[in-house]
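The values are calculated or read from the model by the stated rules, or taken from the named source; none is laboratory data. Here the structure is a predicted model, which means the values were calculated and not measured. Reconstructed Cβ throughout: ideal geometry from the backbone, glycine too, with neighbour counts over all protein chains shown. Each accessible area value is taken on the protein alone, full model and side chains, heavy atoms only, with ligands, DNA and RNA left out. Shrake-Rupley method; radii C 1.70, N 1.55, O 1.52, S 1.80 Å.
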Amino acid sequence: MFPITEAKFLAPDVKRICIEAPRVARQRQAGQFVIVRVEAEHGERVPLTIADSDPDAGTITIIVQGVGKTTKLINMLEAGDALADVVGPLGEPSEIEHFGTVVVVGGGVGTAIAYPTAVAMKAADNHVIGIVGARNKELLILEDEMRATTDELHLMTDDGSYGEQGFVTQKLQQLIDNGVTIDHVLAIGPIPMMKAIADVTKPHGIKTIVSLNPIMVDGTGMCGGCRVQVGGTSKFACVDGPEFDAHEVDFTILAQRNRMYRPHEQQAVADLEADPETQV
Amino acid sequence: MADRLPPKERMKIPRQSMPEQDAEQRACNFEEVNLGLDSAIAEKEAQRCLTCADPKCSHGCPVGVQVREFVDFVLEGEYLKAAAKIREDNVLPAVTGRVCPQENQCEGACVLSKRFTSLAIGHLERFVADYERATGQVGLPQRAPATGKKVAIVGSGPAGLSCAGDLVLKGHDVTVMEALHEIGGVLVYGIPEFRLPKDIVKGEVENMRKMGVKFETNVVVGKTVTMDQLQNEEGFDAVFVATGAGLPKFMNLPGEHLGGVYSANEFLTRVNLMKAYDREHSDSPIYECRDRNVAVMGGGNTAMDAVRSALRLGAKNAYIVYRRSEEEMPARAEEVHHAKDEGVQFLNLHNPVEFLGNDEGYLTGVKLQKMELAEPDDSGRRRPVPVEGSEFVMPLDVAVIAIGTGANPLVQSTTPGLNTNKWGYIIADEESMRTTREGVFAGGDIVSGAATVILAMGAGRKAAKSIHEYLTTGEW
Ligand SMILES: Cc1cc2nc3c(=O)[nH]c(=O)nc-3n(C[C@H](O)[C@H](O)[C@H](O)COP(=O)(O)OP(=O)(O)OC[C@H]3O[C@@H](n4cnc5c(N)ncnc54)[C@H](O)[C@@H]3O)c2cc1C
Ligand SMILES: Cc1cc2nc3c(=O)[nH]c(=O)nc-3n(C[C@H](O)[C@H](O)[C@H](O)COP(=O)(O)OP(=O)(O)OC[C@H]3O[C@@H](n4cnc5c(N)ncnc54)[C@H](O)[C@@H]3O)c2cc1C
Ligand code: SF4
Ligand code: SF4
Ligand code: FES
């Protein structure tokens, strides 16, 4: 069992959770993730990025958006509860270098996934520009954290309820149009957002990295369920990624594969909402 | 206790068959197919053994189980003694009795197979192991005094488990580290419940825990902890790498990314380890097979397990698509036989060339090509070659690719000084199981390539012997 030491909502349905996992905390690098199970008997394995870690305390932090049964169950947990399984750190770490000017784009809970890499980029002496987007003010997360690690931060909401009104892509386009030299872009968020960012940067030849979120099972290269098409070849996101060159990724296939279990997922959430007690 | 009949009489007894669940009924559930022998049948079967002076059966068994001796105990009604006899060479008899390809091993070598049919050694082995388990009187051997030496075992499949069992008896402090959340390797994530109930593996793991073996799940060596850290920081005096051959192979055909196309590893892991067959309770989904067409590409045990799982998940048509003929099929004979009885349709001498899908990215069909057998290839099997112009499209909703597995590189790529061959398998000495890195041993599928449970266990035992020597002498 992996005890939870802290749990706090950052936005509706988005929770920050600290877990005791000493070995993971010691090894972890920016860009890596864990796979967790809530419940020992019938629980599903879900991947979550390690947002932060404290090797001395032996803890890691995850930021979870409740989108389906398992993530909703995780978000019902409080300090003092425990997760049945936590395994990691999995995946290749982010490629961190002194690139020059780096733009980190986070959409929705993608901001949580981008945040640790933003920190590492800053530590590598890059000029870091952050663009954080959300549907509205309530859903915008990690503003203070992102402000502390970026040299420049742009907040975007779809409805204009906070920051500037508009999409993260519009802000990126604006920076490019204003003649800002951008050496490297990291974009993490919903699939359509990552695709749109790739389309913005491609004509300018700006190296763009995205973190993909295919459905995973083991996370160790054993099942091939997480395979994605990159540059016309098949890659396993759990061991070859999760970060890939955005201009090479086939986003259509990724989106289609992620819909594969939709009926099952919808049923699971309906059952959970009907009777949360019986589900844990 | 039964008296031995004279040889002439013995040879008149036909081979006793294994009682099994009715084929139509079992094709709809995940309960075990073989029901096990009762003592009367077991005794009758045991009578058939000729107690050969030179027992070929034992030579045919990769770990040399003393078949003649244990069968003799069965005849005397001394089932616990029979089990203890098997355990001298084989720590997982309830498993091997069920899954060994006996026809190529002990039973294939048995003299009876020449003129009659071989002794049902696997069924008898299973019988005594199940008896022992049911009595709860598993004869756990005595442990030697603690040596103070620490050994890490990486991977909890049959190779890792058998090595751990032997080393703990020698008094070493043994920790098994497993990447997944359950112990057992292929025995729990691959081989389905209807062939090897998970409780049997759990029971064996419990026995080992009682003997003092420590188990740590959720540890991916190479990621969670490196070999350098195990040897230098965590104080392990020796490490045994038994990570199996778990990397799925795809066919690199057009359309392989379509929804509904699985590797056998993913399909079986979802069904077994993640319990997707229990759709009421499991949170892990499996793509709908009910009333649909499912085809499994391949002809090994993995393919049979996948296709029979698909039937049990409610498939309307469940096909095996195999590019050679039935004669060349590597699967255990019993599995092919069971699959047929259950209604699996065999498309032998067929090969897929393309997966077809709809606009939403779901599989709708497969283009198959007919094959014929030409001259034998390097493996001695006749080489399948495509028949010109024989392509046709078969409607299909789920495809499972079961054409083999390779070496997972996680440990090798993060461990300096650990050499591999050109296929990525770890190089280890055949006798000592020593790798090219001091203090590190390896065995099972990660050295041999995908093989069998009993060969992996044999490798684990050999490694245990060699590790014990190394820990005692300190000489590399
Ligand atoms: C490398 C990686 C890092 C991730 N990091 C985070 C993170 O830091 N915070 C966060 O909130 N989410 C993260 N995700 C997404 C998260 O894993 C899914 O939201 C979660 O698995 C959904 O499970 P569920 O049962 O709650 O929802 P479901 O109802 O099962 O599914 C909802 C959505 O999640 C996808 N999904 C379902 N099961 C899986 C699975 N086993 N693996 C991946 N996706 C799945 C489905 O395609 C579907 O779109 C990450 C995904 C990956 C691959
Ligand atoms: C579906 C299927 C059916 C089969 N049927 C039969 C049969 O009927 N009869 C038969 O004799 N053989 C059968 N086999 C083959 C047999 O199961 C294998 O040969 C045997 O299990 C190999 O044992 P092993 O201990 O080497 O590896 P495995 O059983 O593969 O175990 C390796 C373990 O190591 C773990 N691991 C991998 N990497 C790491 C890491 N980095 N850190 C920690 N842990 C790690 C894996 O998760 C796994 O649990 C079958 C195989 C499959 C896949
Ligand atoms: S271990 Fe396997 S090969 Fe050996 S005797 Fe038992 S069933 Fe036969
Ligand atoms: S070879 Fe066959 S008949 Fe002879 S001892 Fe072995 S099992 Fe008995
Ligand atoms: S999740 Fe199984 S191979 Fe990546």
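For residue B:134, what charge total do you get from the other residues with a beta carbon under 13 Å from its beta carbon, if Lys and Arg give +1 and Asp and Glu give -1? With Lys, Arg at +1 and Asp, Glu at -1, the net is -2. Once all protein chains are placed together, residue B:414 keeps about 50 Å² accessible to a 1.4 angstrom probe.
Please label the shape of the range B:99-200 as rounded, prolate or oblate, based on the square roots a ≥ b ≥ c of the eigenvalues of the alpha-carbon gyration tensor (a/c under 1.5 means rounded; beyond that, a/b larger than b/c means prolate, else oblate). Note, shape of the range B:99-200 comes out prolate. Across the options B:448, B:122, B:74, the greatest Cα extent toward the positive end of the charge dipole of chain B (unit charges at beta carbon of Lys, Arg, Asp, Glu) belongs to B:74. If you take the beta carbon distance between residue A:252 and residue A:41 as r and set R0 to 51 Å, what does 1/(1 + (r/R0)^6) give as a FRET efficiency, to the nearest 0.05? Here the calculated transfer efficiency is 0.90. The label-point distance for residue B:249 and residue B:115, in a model that sets each label 7 Å from Cα toward Cβ, rounds to 4.2 nm.
Here the sum of -39500 (n - 2.57) over DSSP H runs of 4 or more residues, divided by the residues of chain B, equals -9000 deg cm²/dmol at 222 nm, to the nearest 500.
Here the Karplus curve 6.51 cos²θ - 1.76 cosθ + 1.60, taken at θ = phi - 60°, turns the phi angles of the range B:221-234 into couplings of 5, x, 10, 5, 8, 9, 4, 4, 5, 4, 7, 9, 9, 8 Hz, with x standing for Gly and Pro. Note on the protein assembly as shown: with charges restricted to the Cβ of Lys and Arg (+1) and Asp and Glu (-1), its dipole about the Cα centre is near 1840 debye. With contributions of -39500 (n - 2.57) from each DSSP H run of at least four residues, the per-residue ellipticity at 222 nm computed over chain A stands at -8000 deg cm²/dmol. By the compact-protein rule of thumb, 2.2 N^0.38 Å, the alpha-carbon radius of gyration of chain A corresponds to a ratio of 0.97. Across peptide B:265-277, the average count of Cβ atoms from other chains found within 10 Å of a residue's Cβ is 4.
The share of Cα pairs per 10 Å bin across the range B:7-135, counted from zero up to the longest distance, runs 13, 46, 32, 8, 0 percent. With a cut-off of 12 Å between beta carbons, the residues surrounding residue A:64 carry a summed charge of +3, where Lys and Arg count +1 and Asp and Glu -1. For the range A:23-53 and the range A:129-202, what is the centre-to-centre distance using only Cα atoms, to the nearest Å? Cα centroid of the range A:23-53 versus Cα centroid of the range A:129-202: 26 Å apart. Across peptide B:177-187, the mean count of Cβ atoms from other chains lying within 10 Å of each residue's own Cβ comes to 3. Enter the Cα centre distance for the pair the range B:275-299 and the range A:205-265, rounded to the nearest angstrom. About 22 Å separates the Cα centre of the range B:275-299 from the one of the range A:205-265. Taken one residue at a time, the phi angles of the range A:2-16 give Karplus couplings (6.51, -1.76, 1.60, θ = phi - 60°) of 10, x, 8, 9, 8, 8, 8, 6, 9, 7, x, 6, 10, 10, 9 Hz. Gly and Pro are set to x. Starting from the Cα gyration tensor of the range B:333-458, take the square roots of the eigenvalues, sort them a ≥ b ≥ c, and report rounded, prolate or oblate (rounded when a/c is under 1.5, otherwise prolate if a/b is larger than b/c, else oblate). Prolate. Listed cross-link partners B:44/B:210; B:214/B:465; A:235/B:223; A:137/A:171 are compared with a 27 Å cut-off, the Cα-Cα value being larger for B:44/B:210. Rounded to the nearest 0.05, the FRET efficiency derived from the C-beta distance between residue B:142 and residue A:271 at R0 = 51 Å is 0.50. Computed over the alpha-carbon pairs of the range A:134-251, the distance histogram in 10 Å steps reads 13, 37, 32, 17, 1 percent, short to long.
Relative to the 2.2 N^0.38 Å rule of thumb, the range B:262-394 has a C-alpha radius of gyration ratio of 1.11. Dipole size of chain B about its Cα centre, with +1 on Lys/Arg Cβ and -1 on Asp/Glu Cβ: approximately 780 debye, rounded to the nearest 20. Summing charges over neighbours of residue A:159, with a neighbour being any other residue whose Cβ is under 13 Å away from its Cβ, gives -1 when K and R count +1 and D and E count -1. The residues of the range B:7-135 expose, per residue, 42 Å² of accessible area to a 1.4 Å probe. On the beta carbon distance between residue A:82 and residue B:278, with R0 = 25 Å, the FRET formula returns roughly 0.60. Nonpolar atom fraction for the protein assembly as shown, defined as the carbon and sulfur part of the 1.4 Å probe accessible area, stands at 49 percent. Can you work out the PRE-style zone for residue A:259? Point 7 Å along Cα to Cβ, and I want the residues of the range B:259-294 with backbone N under 20 Å. Counting only backbone N, you get B:259-262, B:285-289. Interface B-A: total buried accessible area of about 3800 Å², 1.4 Å probe, protein heavy atoms only.
Kirkwood analysis of the protein assembly as shown, using all unique Cα-Cα pairs, places the hydrodynamic radius at 28.0 Å. Distances between placed amide hydrogens fall under 5 Å for residue A:82 paired with A:4, all partners being 5 or more residues away or on another chain. Amide H contacts for residue B:400 (H built 1.01 Å from N in the peptide plane; partners 5 or more residues away or on another chain; cut-off under 5 Å): B:262, B:295, B:296, B:297.
For the range B:37-49, 3J(HN,Hα) computed residue by residue from phi via the Karplus equation (6.51, -1.76, 1.60; θ = phi - 60°) reads 7, 9, 5, 5, 5, 4, 5, 4, 5, 4, 4, 5, 5 Hz, glycine and proline entered as x. Look at the stretch B:332-344: the mean tally of other chain Cβ atoms within 10 Å of its residues' Cβ atoms is 0. Along the axis of the charge dipole computed for the range B:7-135 (Cβ charges of +1 for Lys and Arg, -1 for Asp and Glu, origin at the Cα centre), the listed residues B:86, B:112, B:102 are led at the positive end by B:112.
Classify chain B: rounded, prolate or oblate, from the alpha-carbon gyration tensor (a ≥ b ≥ c, eigenvalue square roots; a/c under 1.5 rounded; otherwise prolate if a/b is larger than b/c)? Because a/c hits 1.5 or more and a/b fails to exceed b/c, chain B counts as oblate. When only alpha carbons are used to place a centre, the range B:113-141 and the range B:68-102 end up 4 Å from one another.
Put a dot 7 Å past the Cα of residue B:3, heading toward its Cβ, do the same for residue B:228, and the two dots end up 7.3 nm apart.
Around the amide H of residue B:111, modelled in the peptide plane, lie the amide H atoms of B:56, B:57, all under 5 Å away and 5 or more residues distant in sequence or on another chain.
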